[in-house]
1. Compute the Cα gyration tensor for the chain, then decide on rounded, prolate or oblate, letting a ≥ b ≥ c be the square roots of its eigenvalues: rounded whenever a/c is under 1.5, prolate when a/b is larger than b/c in the other cases, and oblate in all that remain.
2. Could you work out how far apart the two model spin labels at residue 59 and residue 24 are, taking each label as a point 7 Å from the Cα in the direction of the beta carbon, and quote it in nm?
3. Could you tell me the distance between the Cα centroids of segment 6-30 and segment 61-104, to the nearest Å?
4. Under 17 Å from a point placed 7 Å out from the Cα of residue 89 along the Cα-to-Cβ direction: which residues of segment 1-44 have their backbone N that close?
5. If I stretch the segment between residue 101 and residue 7 completely, what's the gain in nm (0.36 nm per residue apart, minus their alpha carbon distance), one decimal?
6. Can you tell me the relative contact order of the chain? Whole percent, Cα pairs under 8 Å, sequence separation 6 or more.
7. Straight-line reach only, C-alpha to C-alpha below 19 angstrom: list the aspartates and glutamates that residue 31 could link to, leaving out same-chain residues fewer than 8 apart.
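Where a number appears in this text, it was derived from the coordinates with a stated rule and is not lab data. Nothing here was measured: the structure is a model prediction, and the numbers come from that model. No Cβ is skipped: glycine too gets one built from the backbone with ideal geometry, and neighbour counts run over all protein chains shown.
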Amino acid sequence: MSEVLTELGTILEQRRQAGADSSYVASLHAKGLNKILEKVGEEATETILAAKDAQNSGDNKDVIYETADLWFHSLVMLSHLGESPQVVLDELARRFGMSGLEEKASRTK
């Protein structure tokens, strides 16, 4: 899985440098962080609605599709902020062996 995220991170970084008229990712970067965050929020809402529908229908196809969109736009957000998918993978790896309650308590406020 990390190979896919690494490759996607590389592609997103390349497209960030492309012309806004030649790449969807470049057009998002050109519009700025607020537009990217709007897309993340939109995809999060669509993912939530698809999950509710999946629970009722037993068909997970749409929630998988929407989750992919959410992850994609989250990665665009990270790219815009100068981060790669690897930093998120590193954070998840750091949390292995730690309960969710421990992790939450370890956060500084």
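1. oblate
2. 2.2
3. Comparing the Cα centres of segment 6-30 and segment 61-104, I get a distance of 19 Å.
4. 1-14
5. 30.6 nm
6. 27
7. Candidates past the 8-residue exclusion: 13, 21, 42, 43, 69, 83.
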